[in-house]
Amino acid sequence: MDRLDTGQIAAAVDAAIPPDLARAWGEFVTSGPVLVARQPIFDTSGRVAAYQLSFRSEVGSDPRGWSSDAHERATSHVLRAAFSRVGDLESLAGDRQVVVRCPRGYLVGELPVPARPDRLIVELPTDLVPDAQVCDGIIDLRAQGFSVCLPTFSNQPAQRRLLPLADFVKIDVRDLDVEGVPVVRVARTYDATLVGEYVEQRDQLALARDLGFSLFQGSLLARATTVDRTGARPDGL
């Protein structure tokens, strides 16, 4: 039996979504409140180095059950909130960079990435399949000046293929006491900056520091907060 690749699976899932539901989702994203979750990422001195931006809904939704189309719409929502008008980004992040997880369509050029490589760090999806088109797209983004972040690194084969293309590598610090040293050693292969994510306890932060992490993100340091950017919605969107 032939195996379907993830692109085929995603397309099948999208095709199975009832038109009324897909239309309702599109109307919500383009006309509902422009809410963005913002969580700071800190450096070793405790200063804010960047902000993670992600989609936030008033009604709440578990993104693990979303289709690829839903992820793309949510990402578009966040990017519009941050980059559509002059001053939007400064209101959200001051002079700091922002990290936004971008699904496959943004990586391969099917969807537009804001032309702000000085401020936007492109984070890859956790389930990304690094086929030739994806890798070529990431190489092109880096050639344009964008930095790329590889999240939740656990030394899986697909992740290792993406390591040479990553400027930042995130590692879940909750797992450091189990397999920390080998995973960190591999993550450092191409001199990427290491980011400790899901920092929830002081001992996790201390261990990440000892292992040479440069950046830290998690509820111990600061929880994600919701920012209402409805007033910044561009005309016609």
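The values are calculated or read from the model by the stated rules, or taken from the named source; none is laboratory data. Quantities reported herein were computed from a predicted structural model and do not represent experimental measurements. Using ideal geometry, Cβ is built from the backbone for each residue, glycine included, and neighbour counts are taken over all protein chains shown.
State all residues of the stretch 143-159 that are more than 14 Å from Asp175 (Cβ to Cβ) and among the small types (Gly, Ala, Ser); if no residue qualifies, say none. Those that are more than 14 Å from Asp175 (Cβ to Cβ) and among the small types (Gly, Ala, Ser): Ala143, Gly145, Ser147, Ala158. When Asp172, Asp140, Asp167 are checked against the criterion of being surrounded by fewer than 19 Cβ atoms within 10 Å (Cβ to Cβ) and touching a residue at least 40 places away in the same chain (Cβ under 8 Å), a single residue qualifies: Asp167.
Of the residues making up the stretch 170-188, not a single one is in a loop (DSSP other than H, G, I, E, B) and under 14 Å from the mean Cα position of the chain (by Cα). Leu107 falls short on exactly one of the conditions (1) under 20 Å from Glu72 (Cβ atoms); (2) at pLDDT below 95, and that condition is (2). Looking only at residues of the stretch 80-132 that are hydroxyl-bearing (Ser, Thr, Tyr) and farther than 21 Å from Gln144 by Cα, we find that the one that is farthest from the chain's Cα centre (by Cα) is Ser91. Does the stretch 193-210 contain any residue that is out of contact with any Gly (no Cβ under 9 Å at 6 or more places or on another chain) and within 30 Å of Val108 (Cα to Cα)? There is at least one residue in the stretch 193-210 that is out of contact with any Gly (no Cβ under 9 Å at 6 or more places or on another chain) and within 30 Å of Val108 (Cα to Cα). When Arg229, Arg233 are checked against the criterion of being surrounded by 20 or more Cβ atoms within 10 Å (Cβ to Cβ), modelled with pLDDT under 95 and under 30 Å from Phe83 (Cβ atoms), Arg229 stands alone in meeting it.
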